[in-house]
Amino acid sequence: MRNDINAISEEELQYILSISPRLAKRIISLRPFNSLEQMDQIWGMDDETRLKIKENFYIQSGELVEKQTKEKIDNSSEQI
């Protein structure tokens, strides 16, 4: 089953991709992604991991990603 790269947890990334916590945090910190090609810009990621990402993940439509990002920002500003 494929997962949305913008919604998956850090722990799930580590498990599915067999990557370090540091790389998983780096991926999470660069969200939201609008295309899987953006993975090519992540420092410290080898070709095998990029291939695993393209095989195991997808990205929801850009409009939905933007909506989720806005909601995330709105929710975090309410907590301040």
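The values are calculated or read from the model by the stated rules, or taken from the named source; none is laboratory data. Just so it is clear, the structure is predicted and the values come from calculations on it, not from any experiment. Ideal geometry is used to build each Cβ from the backbone, glycine not excepted, and the neighbour counts take in all protein chains shown.
Of note:
- Region 8-36, residues that are touching a residue at least 24 places away in the same chain (Cβ under 8 Å) and within 8 Å of the chain's Cα centre (by Cα): I8, R31, P32, F33
- Filter result for S61 (under 11 Å from the mean Cα position of the chain (by Cα), exposed (fewer than 14 other Cβ atoms within 10 Å of the Cβ) and at pLDDT below 95): no
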